[in-house]
Amino acid sequence: QVQLVESGGGLVQSGGSLRLSCAGSGRAISSYTMGWFRQAPGKEREFVAGISRSGSSTVVADSVKGRFTISRDNAKNTVYLQMNSLKPEDTAVYYCAARDGTLIRTTNGEYGYWGQGTQVTVSS
């Protein structure tokens, strides 16, 4: 099993940047395909970005493409989400997730392990 803890959320102005971290414990996160999801008030949880076990492949949602970058440092047992050019519509609780297997999936039901979430608020 793996435990995931997100950090780095907070309040940022529109156009600003923020980097989220997801720290793993227990089983090494190198065993897992990792993803970031977000859920805004009144909205369903949506896929943001995913990364393969080695970090060689990534998938980024169209809504954040060109602005967000997912990366991982398996030696530090940590996954990151670099968020640039933030917009108010990026405001949400951001969740880190892990799944067994090699495929990057875009639905939350495919991920078996979840962090507690971290709030990101982007002001106008």
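The values are calculated or read from the model by the stated rules, or taken from the named source; none is laboratory data. What you see is a predicted model; the values in this text were computed from it and never measured. Note that we place each Cβ from the backbone using ideal geometry, even for glycine, and neighbour counts take in every protein chain shown. Remember, those area values only see protein heavy atoms, side chains included, never the ligands or the DNA or RNA. Shrake-Rupley method; radii C 1.70, N 1.55, O 1.52, S 1.80 Å.
Quick one: how many residues across segment 1-25 are within 22 Å of LEU103 (Cα to Cα) and of a type in the set (Gly, Ala, Ser)?
Total satisfying the criteria: 4.
Can you list residue pairs whose Cβ atoms sit under 9 Å apart, with the first residue in segment 95-124 being under 22 Å from SER21 (Cβ atoms) and the second being β-branched (Val, Ile, Thr) and in a helix (DSSP H, G or I)? Count only pairs 6 or more apart in sequence or on different chains.
Final answer for the pair search is ALA98/ILE29.
From the set of residues in segment 87-124 that are among the charged types (D, E, K, R) and open to solvent by 40 Å² or more (accessible area, probe 1.4 Å), which is nearest to ALA49 (Cα to Cα)? Step through it out loud before you land on a result.
Initial filter on segment 87-124 (among the charged types (D, E, K, R)): 87, 89-90, 99-100, 105, 110.
Applying the additional criterion that residues be open to solvent by 40 Å² or more (accessible area, probe 1.4 Å) yields 87, 89, 100, 105, 110.
On the way: LYS87: 17, GLU89: 16, ASP100: 16, ARG105: 9, GLU110: 14 Å.
It comes out as ARG105.
Please specify each residue of segment 46-86 satisfying the condition of being touching a residue at least 60 places away in the same chain (Cβ under 8 Å), open to solvent by 30 Å² or more (accessible area, probe 1.4 Å) and over 19 Å from VAL5 (Cα atoms).
ASN84, SER85
Give just the number: which of (1) of a type in the set (A, V, I, L, M); (2) free of Cβ contacts under 8 Å to residues at least 12 places away in the same chain; (3) in contact with a Cys (Cβ under 6 Å, 6 or more places away or on another chain) does LEU4 not satisfy?
Just one mismatch for LEU4, condition (2).
Looking at (1) more than 17 Å from SER123 (Cα to Cα); (2) surrounded by fewer than 16 Cβ atoms within 10 Å (Cβ to Cβ), can you tell me which one ILE29 breaks?
(2)
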